[in-house]
Amino acid sequence: MAARPGASPVGAVRARRRARLAAVLAAAATLAAACSASPQDAEPTVASLGPVPAPTSSESTATTVEAGDGEGDNGTAGDTGSEDTAAGEDAAGSGTTAGTTGGSDAGPTGGSDAGSDGGSTSGSDGGSTAAVEAEPSGTAEPAAPEDAASQGAGSEQASADDGASGAGPAGEGPADRESAERAASGAAASGRGPSGDGVDLEPFVTGPIAPLTGSLTTDLSLAQRRALAVKVGNGDPKDRPQAGLAAADIVYEVLVEAGVTRFIAVLHSEIPGRVGPVRSVRSSDFDILRDMAAPYLASSGANSIVRREMRDAARDGALVDVGAASMGAPYRRDRSRPAPHNLYFYYENLGGDDPDSLPGGVPAAPPPALFEYGSANPPPLEGAAGVTVDYASPYGAEASHVWDRILGGWVRIQDGTLHTTETDFGVAEIAPANVAVLWTPYGRSEADRRSPQAFSYGAGQALVLTAGSVHEAVWERTEDRAGYRFTDAAGDPLTLSTGSTWLLLANTSSRWPVAEVTVLSGAESARLLAEARAAAEAEPDAARAS
């Protein structure tokens with residue numbers, strides 16, 4: 001990269017200024033034309049600009065019947081009710097198979113897992129498969145055929161965070177600089193680029209913005225892609241390492257029964273080969289997903305009341321149900337893992353390459369941006385470099401996120417163990433670019449009196465972790481606009497770094513285990529991360545398990 005040029009005569013400066021402004025505005029116009037045209041017609045453009053200072057950074061063949069989840073659907077062991085039975089064609093097998101075998105696996109709430117694998121088989125080409133997974137709450141999560149091989153999927157979304165801002169060459173007036181910056185912002189988003197003054201960005205790549213990360217992307221199909229929300233288990237060590245979490249644009253961590261949590265992994269800018277283990281939905285999920293322009297919702301099932309709530313949400317256009325109770329094709333079981341922690345969603349089996357062939361068809365619009373992205377924030381908490389959210393639970397429910405400058409993200413440590421996820425390249429640490437802890441009230445779900453339901457609209461205190469800093473904040477989410485807004489105590493906006501974001505909805509209601517939130521110093525964060533990594537290195541087989 002070339003250094004910023006020095007002082008020039010006034011006439012030359014004006015000529016350069018006009019040329020530079022014309023190039024930036026031309027790039028913005030090209031982007032506007034690309035975004036307004038269909039993705040097939042659009043192409044990313046490259047505009048060669050003069051020196052511009054960059055902003056500062058920051059995976060079947062047998063039918064399976066399984067009972068006993070170990071965690072209740074909106075309740076713990078002993079609940080009553082039933083889930084839908086999933087029926088789907090077995091694309092790989094011929095013949096109809098059915099059978100049961102017994103097996104127990106105590107779950108975190110004291111329930112047992114009874115699995116089925118094998119049984120009698122009657123030959124019939126093009127046979128169908130049916131599968132049910134029941135949770136001890138009396139609900140059942142539909143099972144899916146076994147996958148022939150376990151394979152990791154989902155690589156960390158690489159974000160292109162180029163931007164253009166800052167003072168122009170000597171002699172430019174403030175108004176001219178602001179106009180150029182506004183044009184560049186429209187073309188390249190207000191992301192974080194390389195740090196330092198006088199850094200050139202040439203060639204300057206323009207293209208669409210991934211709405212759920214704020215990052216530049218060269219994938220012009222995003223406008224015709226529906227977001228995919230997958231319920232992913234996290235309440236038992238057998239859920240981990242999960243698959244696909246590193247590719248998620250947004251992950252919501254939500255309290256369920258017994259003081260444990262589950263994830264809603266939202267994928268849009270990148271859809272990995274498989275995601276899971278897939279678990280059942282909760283009443284909390286539907287309000288959370290209303291911001292996302294009718295995303296797919298993948299789940300293992302639900303009890304009868306939650307099923308009704310899901311049908312209502314689908315009828316209202318808030319989501320498209322692609323759960324195992326509705327279709328079997330996208331789901332398979334990984335027999336290297338115990339049930340119910342082994343059901344995975346395969347996006348490639350959902351419908352095909354043609355968007356019109358997918359459930360729900362082409363979306364009317366892509367999901368909107370849910371956060372504001374930028375680089376300038378009010379002063380952070382001095383010396384803070386991480387946070388721990390802990391629920392008083394006999395099953396263990398402590399999660400920490402600590403800053404790692406090399407990864408440029410907030411490494412997650414779950415119950416003292418390095419939290420990893422499957423990717424296309426093996427098992428990797430989870431380290432999102434942003435983490436927000438939201439103090440959130442939880443009520444009692446109508447689906448089950450022992451199930452908490454998050455009130456995700458409203459406002460409350462928060463901690464925002466971004467660009468290596470921890471900020472005290474206030475969060476706000478209203479029904480008249482999509483997403484969250486963060487401000488500091490003075491009301492000044494807090495912005496996020498471009499990239500993935502994890503939202504930890506920390507319970508404040510005494511009816512349920514209350515979240516204890518602790519801010520970690522730099523020394524505490526470094527020690528915690530070093531201990532977790534040392535423990536992972538001491539048990540390489542466990543760390544590489546898939």
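The values are calculated or read from the model by the stated rules, or taken from the named source; none is laboratory data. Worth saying up front: this structure is predicted, and the values here are computed from it rather than measured. Note: ideal-geometry Cβ built from the backbone for every residue, glycine included; neighbour counts use all protein chains shown. For accessibility, only protein heavy atoms count, side chains too; no ligands or nucleic acids. Shrake-Rupley method; radii C 1.70, N 1.55, O 1.52, S 1.80 Å.
Here are a few things to note about the model shown:
- Local electrostatic count, Leu494, Cβ distance below 9 Å [Lys/Arg +1, Asp/Glu -1]: -2
- Sequence of Asp285, Asp219 from largest to smallest accessible area, 1.4 Å probe: Asp219, Asp285
- With a 1.4 Å probe rolled over the protein heavy atoms of all chains, the accessible area of Thr423, Thr508 falls in the order Thr508, Thr423, largest first.
- Restricting the range 415-447 to GluC sites (Glu not before Pro) that sit in a DSSP loop and have at most 14 other Cβ atoms within 10 Å of their own Cβ leaves Glu446.
- Given their separation in residues at 0.36 nm each and the Cα-Cα distance between them, Ala538 and Asp492 gain 12.0 nm when the chain is fully extended.
- Remark: spin-label model distance Ala364-Arg311 equals 2.3 nm, labels positioned 7 Å along the Cα→Cβ axis.
- Percent carbon-and-sulfur accessible area, the range 444-546, ignoring ligands, DNA and RNA, probe 1.4 Å: 48
- When Met327, Met310 are compared by accessible area at a 1.4 angstrom probe, the order from most to least is Met327, Met310.
- For the range 380-477, the convex hull spanned by the alpha carbon atoms encloses 148 Å³ per residue.
- Loop sites in the range 407-464: trypsin sites (Lys or Arg not before Pro), DSSP, at most 14 other Cβ within 10 Å: Arg449
- Considering only the range 269-398, percent of DSSP beta bridges that pair antiparallel, nearest 5: 75
- Equivalent ellipsoid semi-axes, the range 439-492, via Cα gyration tensor eigenvalues times 5, rooted, Å: 26, 14, 9
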